[in-house]
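What follows is a set of notes on a single structure, which appears directly below.
Values quoted throughout were computed directly from the atomic coordinates according to the rules given, and no laboratory measurement underlies them. Computed from a predicted model, the values in this text were never measured in an experiment. Backbone-built Cβ (ideal geometry, glycine too); neighbour counts: all protein chains shown.
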Amino acid sequence: MKGIIAVDMKNIVILISGGGSNMAAIVRAAQREHWDQRYSARVSAVISNRPDAGGLAFAREQGIAAQVVDHKPFANREEFDAALAAAIDRHEPALVVLAGFMRILTPGFVARYQGRLLNIHPSLLPAFPGLHTHQRALDAGCRFAGATVHQVTAELDFGPILEQAVVPVVPGDTAQSLAARVLTQEHLIYPRAIATLLR
Ligand code: GAR
């Protein structure tokens, strides 16, 4: 009789707040590159803090558990982060991936997932942490912009850099046109950074 070898799957939990195009890029890369066979890894859940996040429908179509943990009813960040952590921990994740997740996380939350918490930020960190990165890059007269995948530490948009991509700023660029150019690169570097960690 053939024995069955049980392989522990590495679960990836992705947190979103909006359209979820980075999340979709990661899910598609996992399918295309057979992360289940290659790395024993799978995207096991997508969690949004916004009930209207467009990415939730995509996740459900892909058969991925999709859940909302709405931040609004919670009195403070600590209580929201505790509920979020409870939802995440049900999946026993090897990686927790912030993909357009627009909430500032408490130090306790960051410490809980230390070493397995990733973020993508639409600038060449350490330049332009925080919001309105594309407009700030244009206002500063930058000739290049880009995106950064990094490990999350307690400091906002900081932490060891795993991948970066650079795009040119072209004459006539607006924050929207630059954001779109950067986003196409985000879709390449985020799956690549995750696959490298899963190896
Ligand atoms: C992406 O550009 C991501 O880098 C950015 O939000 C967008 C989400 O798009 N994240 C941040 O600004 C985090 N500080 P998506 O929902 O289509 O992936």
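Placing dummy labels 7 Å off each Cα toward the beta-carbon, the span from VAL68 to ALA180 is 2.9 nm.
Using bins of 5 Å that start at zero, the share of Cα-Cα pairs per bin across the range 1-117 amounts to 2, 11, 21, 24, 18, 11, 6, 3, 2, 1, 0, 0, in whole %. Principal axis extents of the C-alpha atoms in the range 147-199 (largest first, rounded to whole Å): 39, 26, 13. Semi-axes of the equivalent ellipsoid for the range 58-107, computed as √(5λ) from the eigenvalues of its C-alpha gyration tensor and ordered from largest down, come to 20, 13, 11 Å. Calculated on C-alpha atoms, the gyration radius of the range 84-124 divided by its Kirkwood radius gives an Rg/Rh of 0.96. I'd like to verify something in the chain: which complete DSSP H helices, judged by Cα projection on the helix axis, reach 18 Å or more and average at least 0.5 on the Kyte-Doolittle scale? TM-like helix candidates: 175-198. Largest first, the extents of the alpha carbon coordinates of the range 60-155 on the three principal axes equal 45, 33, 26 Å.
Dividing the convex hull volume of the alpha carbon atoms of the chain by its residue count gives 128 Å³ per residue.
What ranking do 13-23, 128-138 get when scored by the average of other Cβ atoms within 10 Å per residue, highest first?
Result, highest mean Cβ count within 10 Å first: 13-23, 128-138.
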